[in-house]
Amino acid sequence: MSDGITYSAGVQRYVDKAQRLMEEQEAYRREMRTMKFDTIAVHGLYSVQEALSRNQGAVIEPLFLSASEGYHDADELEAALAYLVPGWVYSRIHNPTVHYLEATLALMDGYGCDCETSALATSSGLAAIFMATDPFLVRRSPGERPNFVSAAQCYGGTFQQFSVRRMGEQQIEVHWVVNSHDTDEWAAMIDGNTRFLYGEMPSNPGQAAFDIAAVAELAHSHSIPLLVDATVATPALMRPLEHGADIVIHSSTKSMTMSGYGIGGALISRKNLTTNIDNAQMAEDFAVYCKQLPFRDYGPCISPVNAAFTLAEIKTLRSKMAMVSRNTQTVAEFLETHPMVERVDYLGLPNHPLHRLAKRYMKLVDSDEHLFGHLMSFNVRGGTQATRDVFDRFRRIFLATDLGRIKSVATIPAISTHQQQGEEGREMAGIPPNQIRLCVGGEHPNDVIADLDQALNSVR
């Protein structure tokens, strides 16, 4: 029986078989939760037994390019389309390669957390933000005006989605927090129609940070969830679920796929999250609820190829994030002393006003080393034209809006990633026209410093 529907004995046979398979996978998942982070990243939920029994012994998770799944008979088809058995049906809904990615991400972001987790992979980071927020914004009555609270310091695309799509087109109010490190400011923005709190840490490009545990506690006191975009940190440096957050969002395009070959996003949710929406299925397992219902209808699925790229690269995520973080620290310390630089924003600098706060949450997993990621920004002395002149003289650093690459990239946010949010929005987010965002890659930091130095010195 399911939802009052009686299924045939043939369908039940597939349900029973699937139950045994799910029990095996759950036992293996529990075993993997006892492993260290690097082991989880390398293996995920893809076991030796699964490789031998279902994937012809393939050591690495196979890439499934087929758009749809075939069935043995009508009974299995019925069971699959009724969600009575695990399957993938159609790659707009699910896919075996995507399944391995989602299982791995759920384990990685749930590492160190006593909560159960699940994940949903999407076609991009913005798709993940949409899927993570949309289910909470349903109108429960015709005249209701739902709102949410968000840190103003966030990626420009996020600002656009919230301010233009949500607020401008859908009349869903966004209450902007300008100083996200001030928990009292968050509290002042919440009212009876607030559906969730949303923050980005570290923020792009301004390096804002907030007290995740305190803001999560505040959210839960109002029976609403906290959503955290942790793209810059990745689970190798920070896992917000461990500190009380309900949903973590990533643009897996960035550091998770450092080569730059893949586009994707993901949301990872704790099970039994806090919400004031009367939807038990959504609260019990948010990622699976999204997968089976709104995600199925909207279709923001990650391609199997991009899922495979991401799977391949997250196996070494910890070591790569350690490398680029150390490189960025060295570069930030150099820029801090350069006469042509009037300000450096990097949470790893001891004199940064949010350094001590960031240290509470950012640390290389399975170590005692505090690392702060690959993204930083600096303001060029001399104004807008001097900034453009410095930018144009980079020779080793790529001029691109990308971030989290194995190659160093830089952009001027005011004329690129944050251009469309307007001068007022940039001022609220602390993005001046003389700011350069720099993401340091895997090059030797001395070579990156040399490129920066020649560019800065050329406009003295």
- Query: If you check residue 207 against the conditions, is it surrounded by fewer than 20 Cβ atoms within 10 Å (Cβ to Cβ) and polar (S, T, N, Q)?
  - Reply: no
- Query: Given the residues 92, 33, which is the only one that is in contact (Cβ under 8 Å) with a residue 40 or more places away in the chain and in contact with a Cys (Cβ under 9 Å, 6 or more places away or on another chain)?
  - Reply: 92
- Task: Return the only residue of 127, 119 being of a type outside the set (Asp, Glu), in contact (Cβ under 8 Å) with a residue 60 or more places away in the chain and part of a helix (DSSP H, G or I).
- Result: 127
- Do we have any residue at all in the stretch 350-362 that's in a strand (DSSP E or B) and of a type in the set (Lys, Arg)? no
- Query: Any chance the stretch 7-15 includes a residue that's surrounded by fewer than 14 Cβ atoms within 10 Å (Cβ to Cβ), without any contact (Cβ under 8 Å) to a residue 24 or more places away in the chain and among the polar types (S, T, N, Q)?
  - Reply: no
- Using the structure shown, decide if residue 305 is closer than 29 Å to residue 381 by Cα and either among the polar types (S, T, N, Q) or not in a loop (DSSP other than H, G, I, E, B) (or both). no
- Note on the structure: Matching residues in the stretch 316-346 (within 24 Å of the chain's Cα centre (by Cα), closer than 26 Å to residue 384 by Cβ and not in a helix (DSSP H, G or I)) number 2
- Message: Quick check on residue 313: is it acidic (Asp, Glu) and within 18 Å of the chain's Cα centre (by Cα)?
- Response: yes
- Task: Please verify whether the stretch 344-366 includes one or more residues that are on the phi > 0 side of the Ramachandran plot and surrounded by fewer than 24 Cβ atoms within 10 Å (Cβ to Cβ).
- Result: yes
- Message: So if I check each of 404, 348, which one is within 17 Å of residue 324 (Cα to Cα) and touching a Ser or Thr at 6+ places or on another chain (Cβ under 6 Å)?
- Response: 404
- Hits in the stretch 270-320 - residues which are of a type in the set (Val, Ile, Thr), farther than 24 Å from residue 89 by Cα and crowded, with 22+ Cβ neighbours inside 10 Å: 314
- Here the residues within the stretch 23-38 that are assigned to a helix (DSSP H, G or I) and surrounded by 13 or more Cβ atoms within 10 Å (Cβ to Cβ) are 24, 25, 28, 29, 32, 37, 38
- Answer yes if at least one residue in the stretch 174-189 is in contact (Cβ under 8 Å) with a residue 24 or more places away in the chain, outside the structural domain of residue 283 (by TED's automatic domain parsing), part of a helix (DSSP H, G or I) and of a type in the set (Val, Ile, Thr), and no otherwise. yes
- Message: Every residue in the stretch 120-155 that is under 19 Å from residue 216 (Cβ atoms), assigned by TED's automatic domain parsing to the domain that holds residue 88 and crowded, with 24+ Cβ neighbours inside 10 Å, please.
- Response: 129, 132
- List pairs: first in the stretch 281-303 and touching a residue at least 12 places away in the same chain (Cβ under 8 Å) and not assigned by TED's automatic domain parsing to the domain that holds residue 269, second in a helix (DSSP H, G or I) and β-branched (Val, Ile, Thr), Cβ under 6 Å, 6+ apart or cross-chain? none
- Message: Going by what's in this entry, would residue 278 be described as free of Cβ contacts under 8 Å to residues at least 12 places away in the same chain, assigned by TED's automatic domain parsing to the domain that holds residue 128 and out of contact with any Lys or Arg (no Cβ under 6 Å at 6 or more places or on another chain)?
- Response: no
- Message: Out of 27, 51, I need the residue that is out of contact with any Ser or Thr (no Cβ under 9 Å at 6 or more places or on another chain), under 22 Å from residue 116 (Cβ atoms) and small (Gly, Ala, Ser). Which one?
- Response: 27
- Task: Test residue 83 against the stated conditions and say whether it is outside any strand (DSSP E or B) and surrounded by 19 or more Cβ atoms within 10 Å (Cβ to Cβ).
- Result: no
- Which of the residues that make up the stretch 405-435 are out of contact with any strand residue (DSSP E or B) (no Cβ under 9 Å at 6 or more places or on another chain), crowded, with 21+ Cβ neighbours inside 10 Å and at pLDDT 90 or above? none
- Criterion (in a loop (DSSP other than H, G, I, E, B) and more than 19 Å from residue 86 (Cα to Cα)) met by exactly one of 311, 273: 273
- Over the stretch 130-153, the set of residues in a loop (DSSP other than H, G, I, E, B) and either within 28 Å of residue 98 (Cα to Cα) or among the basic types (Lys, Arg) (or both) is 138, 139, 140, 145
- Task: Collect the residues in the stretch 105-116 that are surrounded by 24 or more Cβ atoms within 10 Å (Cβ to Cβ) and either of a type outside the set (Gly, Ala, Ser) or under 11 Å from the mean Cα position of the chain (by Cα) (or both), keeping them in residue-number order.
- Result: 105, 107, 108, 109
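The values are calculated or read from the model by the stated rules, or taken from the named source; none is laboratory data. Being a predicted model, the structure only gives us computed values, none of them experimental. Virtual Cβ from ideal backbone geometry, glycine too; neighbours counted across all protein chains shown.
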